[in-house]
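> Input: one structure, supplied below.
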Amino acid sequence: MQWGMKNRLSRIISPKTGKCVMLAVDHGYFQGPTTGLRELGKTVNPLLPYADALMITRGALRNWIPPETDKPIILRMSGGTSILKELSNEVLTSSVTDAIRINASAITCSVFIGGEHEKETIANLAELVDKGEKYGIPVLAVTAVGKDMARDSRYLGLASRICVEIGAHIIKTYYCDNFKEVVEACGNVPVVIAGGKKIEEKEALQMARDAIDAGAIGVDMGRNIFQSSNPIGMIKAVRAVVHEGKSVDEGFGIYKEKK
Ligand code: R5P
């Protein structure tokens with residue numbers, strides 16, 4: 001792996017623990033003003049000190065995040081559809097030149113395996129990998145799930161492995177039963193989990209714990225942090241579980257402490 005690629009990856013995945021807590025706030029690209037992100041800067045900026053990286057669109061970044069931030073940016077580069085339409089109908093919505101201009105540490109797009117536009121979304125990933133390899137920028141592939149897709153290890157393993165085969169450097173997928181099989185399907189490519197819809201804090205911490213225990217290197221979590229009644233307590237708790245190997249109860253204690 002080339003130096004620039006390694007350097008960017010080590011800004012996201014801690015060389016000390018081998019783990020990472022990414023904060024995902026890119027939801028607006030298809031959901032519009034998502035609960036908790038209407039005033040994105042007010043929600044996100046206080047959380048930044050506790051995140052290892054920020055997953056965001058270029059528009060949100062330029063509007064709400066101060067350029068003085070030292071947090072690595074994972075730039076959401078696919079979109080072109082909304083919750084009102086077929087979600088898999090994505091194109092690349094930013095250029096790699098712009099990713100370089102904003103000093104992105106990684107670039108990302110969604111891949112909809114089984115979706116109506118599966119092929120185009122795989123082609124989007126392939127294009128990002130080609131450009132990422134050229135400029136030393138790692139690519140995070142998101143295994144997006146359509147409305148009727150089963151979120152089981154067979155499906156998520158299939159989707160994640162396809163992203164590995166296309167050349168992604170990090171896989172973001174959903175937690176499921178037998179998650180170890182999904183991680184194993186990815187070989188040496190690191191896996192992080194999305195948080196999904198807001199659930200109880202203890203449940204979300206349990207999911208993070210179980211994912212790490214099954215071999216994931218971290219989380220790329222959004223709603224379960226920024227929609228929590230105590231977002232700072234929650235991200236600190238997630239950090240403790242991911243980086244320090246804390247138990248769910250210990251993490252939950254941290255969450256409650258700061259409430
Ligand atoms: C969805 O495709 C978005 O990219 C989000 O970044 C992703 O779903 C993670 O956020 P959450 O933890 O809210 O699911």
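> If you take the residues in segment 64-83 that are of a type in the set (Val, Ile, Thr) and at pLDDT 95 or above, which one is farthest from the ligand (Cβ to nearest atom)?
Top of the filtered list is THR69.
> Any idea which of (1) at pLDDT 95 or above; (2) basic (Lys, Arg); (3) farther than 27 Å from ASN103 by Cβ is the one LYS147 doesn't satisfy?
It is condition (1) that LYS147 fails.
Per-residue answers, yes or no, for (1) more than 16 Å from the ligand (Cβ to nearest atom); (2) within 23 Å of GLY36 (Cα to Cα); (3) not polar (S, T, N, Q):
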| site | (1), (2), (3) |
| --- | --- |
| ASP210 | no, no, yes |
| ASP213 | yes, no, yes |
| GLY218 | no, yes, yes |
| SER228 | no, yes, no |
| MET234 | no, yes, yes |
| HIS243 | yes, no, yes |
| SER247 | yes, no, no |
| ILE254 | yes, yes, yes |
| GLU257 | yes, yes, yes |
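> Which is touching a Lys or Arg at 6+ places or on another chain (Cβ under 8 Å), within 13 Å of the ligand (Cβ to nearest atom) and in contact (Cβ under 8 Å) with a residue 60 or more places away in the chain, of THR43, THR143, THR108, THR57?
None of the others qualify; the one that does is THR108.
> Could you list, in sequence order, the residues of segment 154-181 that are crowded, with 19+ Cβ neighbours inside 10 Å and part of a loop (DSSP other than H, G, I, E, B)?
Matches in segment 154-181: ALA168, HIS169, TYR174, TYR175, CYS176.
> Limited to segment 51-63, what total is found for residues that are surrounded by 19 or more Cβ atoms within 10 Å (Cβ to Cβ) and either out of contact with any Asp or Glu (no Cβ under 6 Å at 6 or more places or on another chain) or assigned to a helix (DSSP H, G or I) (or both)?
7
> Now a separate question. Within segment 184-203, restricting attention to residues that are in a helix (DSSP H, G or I) and within 26 Å of PRO138 (Cβ to Cβ), which residue is nearest to the ligand (Cβ to nearest atom)?
ALA185
> How do the pairs read when you match residues in segment 69-92 that are of a type in the set (Asp, Glu) with residues anywhere that are within 13 Å of the ligand (Cβ to nearest atom) and at pLDDT below 95, using Cβ under 9 Å and keeping only pairs 6 or more apart or on different chains?
Listed by first residue and then by second, the contacts come to GLU86/GLY115; GLU86/GLY146; GLU90/PHE30; GLU90/THR81; GLU90/ALA144.
> Also, I was wondering about something else. With within 16 Å of the ligand (Cβ to nearest atom) and either surrounded by fewer than 18 Cβ atoms within 10 Å (Cβ to Cβ) or not in a loop (DSSP other than H, G, I, E, B) (or both) as the only criterion, which of LEU23, LEU37, LEU87 stands out?
Testing whether each residue is within 16 Å of the ligand (Cβ to nearest atom) and either surrounded by fewer than 18 Cβ atoms within 10 Å (Cβ to Cβ) or not in a loop (DSSP other than H, G, I, E, B) (or both) leaves just LEU23.
Yes/no per residue for (1) surrounded by 21 or more Cβ atoms within 10 Å (Cβ to Cβ); (2) within 30 Å of LYS119 (Cα to Cα); (3) in contact (Cβ under 8 Å) with a residue 12 or more places away in the chain:
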| position | (1), (2), (3) |
| --- | --- |
| GLU201 | yes, no, yes |
| ALA204 | yes, no, yes |
| ALA216 | yes, yes, yes |
| ASP220 | yes, yes, yes |
| GLN227 | no, no, yes |
| ILE232 | no, no, yes |
| GLY251 | yes, no, yes |
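The values are calculated or read from the model by the stated rules, or taken from the named source; none is laboratory data. Keep in mind that this is a model prediction, so the values were computed, not measured. Don't worry about glycine lacking a Cβ; one is built from the backbone with ideal geometry, like all the others, and counts go over all protein chains shown.
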